[in-house]
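A.B. asks: Structure provided below as structure tokens; questions to follow.
The values are calculated or read from the model by the stated rules, or taken from the named source; none is laboratory data. This structure is a prediction, so every number in the text was calculated from the model and none was measured. No Cβ is skipped: glycine too gets one built from the backbone with ideal geometry, and neighbour counts run over all protein chains shown.
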Amino acid sequence: MKRVGLFMLAVVVMALMSSASAVAQSESSGGGDNSFYFVTYYSNNVSGAPDAVLRFINDGEIGSNVTANIYVFDDSQELQTCGACPITPDGLLSEDVKTELTNNPLTGRVPTRGVIKVIGSGFTPEGAAELVPLRGWATHIERATPTSGAYATTEAPLADSNLGENELPLLQNLCSYALLLGSGQGTITCTLEDHDF
């Protein structure tokens, strides 16, 4: 898993090198939503509550696999887990927050709430690495009422975000350190596409 995570991280590093051209290309291509950077939150990640789910679709725009590079933070802004999951053209990837995104935290303490950041990356038909569009949704687990033990689940599209020039290298460095120094901790588990539901 560590080797796969480091390889996928290399894809993102190469995407950084071509991010300026990818942004320029997406701005000039017109039509469609070319978002490649998203944020969402998770909450009530506790025993007895339903599991939140992060879902992605590769719409096939670039004609090859894309990678969802996922960075999970706790509510203290500390990176807890990270990794990269491939999605085939027209494929659907579903990642459970409890069992796949937060079950192996870097600190050993499973976070109950926090932030998830996702960057889409892939290769053009010519073999160049770039930031590529993804489509994503997340379910959120909320208390039905403040005093009850019941939970409600809602689903919303991931929020499109602006990827500042310092954000990508920061996320890459944090994840690289987590994979290198975590001794197996801090990695996410990628679900196979045909095992989503």
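A.B. asks: Residue 139 is checked against (1) surrounded by 21 or more Cβ atoms within 10 Å (Cβ to Cβ); (2) modelled with pLDDT of 95 or more; (3) not acidic (Asp, Glu) and fails just one. What number does that condition carry?
C.D. replies: So residue 139 meets the others, but not (1).
A.B. asks: Within the stretch 52-70, which residues are modelled with pLDDT of 95 or more and outside any strand (DSSP E or B)?
C.D. replies: Across the stretch 52-70, the qualifying residue is only 52.
A.B. asks: Filtering the stretch 159-177 down to residues that are hydrophobic (A, V, I, L, M, F, W, C) and under 14 Å from residue 69 (Cα atoms), which residue is surrounded by the most Cβ atoms within 10 Å (Cβ to Cβ)?
C.D. replies: Going through the stretch 159-177, the residues hydrophobic (A, V, I, L, M, F, W, C) turn out to be 159, 163, 168, 170-171, 174-175.
From what is left, the residues that are under 14 Å from residue 69 (Cα atoms) are 163, 168, 170-171, 174-175.
Working: 163: 18, 168: 20, 170: 12, 171: 22, 174: 17, 175: 26.
Only one residue tops the list, namely 175.
A.B. asks: Return only the number of the condition from (1) charged (D, E, K, R); (2) surrounded by 15 or more Cβ atoms within 10 Å (Cβ to Cβ); (3) assigned to a loop (DSSP other than H, G, I, E, B) that residue 109 does not satisfy.
C.D. replies: It is condition (2) that residue 109 fails.
A.B. asks: Then there is this: Can you tell me how many residues in the stretch 140-163 are touching a residue at least 24 places away in the same chain (Cβ under 8 Å) and part of a loop (DSSP other than H, G, I, E, B)?
C.D. replies: 5
A.B. asks: Taking the criterion of being over 21 Å from residue 178 (Cα atoms) and buried (at least 24 other Cβ atoms within 10 Å of the Cβ), would at least one residue in the stretch 66-82 satisfy it?
C.D. replies: First, pick out the residues of the stretch 66-82 that are over 21 Å from residue 178 (Cα atoms): 66.
Filter once more, keeping what is buried (at least 24 other Cβ atoms within 10 Å of the Cβ): 66.
Checked against the condition, which is being over 21 Å from residue 178 (Cα atoms) and buried (at least 24 other Cβ atoms within 10 Å of the Cβ), the stretch 66-82 yields at least one hit.
A.B. asks: Of (1) at pLDDT 90 or above; (2) out of contact with any Cys (no Cβ under 7 Å at 6 or more places or on another chain); (3) closer than 21 Å to residue 190 by Cβ, residue 151 satisfies all except one. Which?
C.D. replies: With respect to (1) at pLDDT 90 or above; (2) out of contact with any Cys (no Cβ under 7 Å at 6 or more places or on another chain); (3) closer than 21 Å to residue 190 by Cβ, residue 151 is out only on (3).
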